[in-house]
1. Accessible area of residue 309, 1.4 Å probe, to the nearest 10 Å²?
2. Residues of the stretch 552-586 with backbone nitrogen within less than 12 Å of a virtual label 7 Å along the Cα-to-Cβ line of residue 508, please, listed as ranges.
3. With respect to the cross-link table entries 382/514; 520/541; 161/253, which display a Cα-Cα separation exceeding 28 Å?
4. Work from the charge dipole of the stretch 521-589 (Cβ charges, +1 for Lys and Arg, -1 for Asp and Glu, about the Cα centre) and give the residue of 550, 569, 530 farthest towards its positive end.
5. In square angstrom, what is the accessible area per residue of the stretch 536-589 with a 1.4 angstrom probe?
6. If you average 1/r over every pair of different alpha-carbon atoms in the stretch 76-186 and take one over that average, what Kirkwood value in Å do you get?
7. Taking θ as phi - 60°, what are the ³J(HN,Hα) couplings along the stretch 536-552 by the Karplus curve (6.51, -1.76, 1.60), each to the nearest whole Hz, with x for Gly and Pro?
8. Arrange the residues 126, 512 by how much accessible surface each exposes, largest first, with a 1.4 angstrom probe.
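The values are calculated or read from the model by the stated rules, or taken from the named source; none is laboratory data. Just so it is clear, the model here is predicted, and its values are computed rather than measured. Counting neighbours? That spans all protein chains shown, and the Cβs are built from the backbone with ideal geometry, glycine included. The protein model used for the area step is the full one, side chains on, heavy atoms only, and it has no ligands, DNA or RNA in it. Shrake-Rupley method; radii C 1.70, N 1.55, O 1.52, S 1.80 Å.
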Amino acid sequence: MVWLFQLQLPQVRLWFWQGLLVACLVLPFVQPRHESQVNFTVEEGVLKAGTPVKITGMQRLPAAEAVFAVYLAGVGLRAVWLLLGCWRLRRYRRDSVSLDAGSAVFPNVQQRLQTFPEVCISQEITSPVTFASTILLPPGFLHLDERTQQAIAVHEVMHVKRGDWFFSLGEELVRSIFWFHPAIWWLLAQIQLTREQVVDRATIEFTLSREQYLEALLAVAKTKVRQDLMLVPLFLKKRYLARRVAAVMKEVKMSKRQIISSLSTVSTLAALTAAVAIWIFPLESSAQDADSGQNLGVSIETQGHKLLHGSRVEYPQAAREARVEGTVVLQLSLDAKGEVADARVQSGPDELRRSALSSALQWHFANETGQDSVIQSAVTFKLAAGSANSLSRPRIPELSGPSIFKSIGWGPMASKEMFEKVRDALPRLGEPMTSESLQRIAETVHQIDEHLTVGFIVDPKDNSGSVIIDMAGGKSSAPLSSSNFSPPATEGVKRVRVGGNVQAAKITNKVTPKYPPLAKQSRIQGTVRYNVLISKDGAIKVMELVSGHPLLVEAATPAVQQWQYEPTFLNGEPVEVVTVIDMNFTLAP
């Protein structure tokens with residue numbers, strides 16, 4: 001691109017090369033990282049159903065460790081080399097003497113450039129060098145004619161004014177990190193050459209004499225440059241001599257419009273090239289295991305065969321929410337190539353079998369025998385310690401208008417003592433319900449006990465809401481007593497309390513709820529119990545949740561609200577009925 005778009009002006013080329021270096025350094029941080037296939041440890045021996053399986057981490061390849069060790073050794077050697085270079089410069093500066101104050105060359109140049117570095121003569125060097133705010137000159141500098149001295153003085157003071165030594169030091173640090181990368185070495189060489197050409201051009205404009213500067217270059221070229229000074233910008237590196245002389249001899253001009261146009265074009269093309277590189281060469285990050293802290297919670301052990309690649313086993317969301325853990329033992333039939341031709345589940349929780357089986361069918365093992373074989377593999381699912389159940393962060397429903405709290409339910413997985421603990425955080429029946437109040441209830445309950453789950457149900461008929469609280473995991477305990485259910489009486493209407501079995505015979509319209517897909521996947525079964533008040537015309541007037549799993553309650557509540565009964569008469573007069581409704585959810589075996 002530099003050649004194609006005629007970036008002939010040294011300063012423009014320097015901007016481009018530096019921008020390209022920055023892009024190279026930034027590129028790895030903006031590339032997407034695709035998770036690599038997992039390399040799992042392999043334990044010898046036969047795995048039998050029910051055998052505890054040890055959770056193991058990823059197996060690091062010895063070759064990769066060796067390469068990384070070589071890389072670190074290279075970085076260390078380069079770092080030592082840089083430190084030695086700085087130490088030599090410090091020693092050269094300490095042993096040098098200040099330039100004779102009687103020489104007027106440097107004072108005149110410093111005054112005109114308004115830059116005042118320290119100038120010293122060192123017996124240890126053979127070529128002018130600049131670092132920080134110090135210029136070291138060889139003893140031979142004093143024997144050069146005044147025109148050559150002036151050209152060298154301008155060149156070195158220009159380096160100090162531009163702060164080039166700090167750029168050079170940064171580039172050497174980059175070279176140390178990427179010591180193995182030839183493209184980085186080439187790019188840094190282009191930057192260093194172009195920087196010298198920029199200073200060459202500025203020196204010629206200052207001295208107004210091209211021939212004078214060429215004489216200075218040739219005079220220094222006759223000396224032998226010491227290799228231990230490669231850390232600092234030298235007045236002349238001989239491998240750059242021909243190109244620098246050619247650039248000095250050539251008159252280059254670019255208009256402001258050409259500069260802007262050329263830089264814009266090459267920058268755009270460089271960005272497009274980077275985008276293509278990102279797309280074609282995504283970086284790979286190490287796959288994570290159960291101990292990685294990412295709560296993936298899946299590890300694999302395989303009998304006698306090395307897993308080369310295959311799809312990662314996903315921890316089913318439904319099983320995570322239901323806090324289902326365990327080991328799925330698979331019997332795998334491998335073909336001659338090591339690919340899984342068939343897989344069968346020998347044991348393991350039902351909620352985890354599908355995920356393990358579907359992933360195993362895509363695995364590819366190393367098969368050194370070249371014959372069909374049957375092996376066993378164990379996939380362990382384990383939730384990270386302290387991971388919160390996702391139901392403890394409930395989805396807050398959207399309210400379409402004014403709403404009130406109609407009922408508060410308590411699941412079967414917690415005790416009455418826990419209900420007493422959170423009672424003050426719960427709303428009173430009949431209070432206004434808003435999205436803010438729902439969020440506040442959820443946060444308060446979670447703060448009281450992080451193992452509690454909170455669910456909200458909104459009845460689309462009247463926009464009224466119910467709160468359901470349950471315990472995430474643990475053993476089932478007895479539900480709260482429903483004997484104290486006593487809705488406000490209706491004036492002039494009598495009320496009776498009957499058993500649920502008696503009233504069930506009078507149902508005229510029974511809406512059956514759909515089994516929630518998430519509950520079905522998690523194999524969640526149980527009974528949802530309600531205390532209800534049936535009006536004298538047979539409709540559900542008041543309903544209070546007594547117990548039930550939140551996933552089942554969400555499906556049962558809107559269905560029960562639509563139930564219709566035959567009116568109940570007492571002494572010939574219609575009465576309200578207080579009863580219990582049990583909604584059973586049972587999965588087929």
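1. Only protein atoms counted, so the area is about 90 Å².
2. Output list for this probe position: 564-568.
3. Details: 382/514 31 Å; 520/541 30 Å; 161/253 24 Å.
Those over the limit are 382/514; 520/541.
4. 550
5. Details: 2330 Å² over 54 residues.
Accessible surface, normalised per residue, equals 43 Å².
6. Details: mean 1/r = 0.0655 Å⁻¹.
15.3 Å is the Kirkwood radius here.
7. With the stated coefficients, the stretch 536-552 comes to 5, 8, x, 8, 6, 9, 9, 9, 10, 6, 9, 7, x, 5, x, 5, 6 Hz.
8. Working: 126 50, 512 110 Å².
Output order, biggest surface exposure first: 512, 126.
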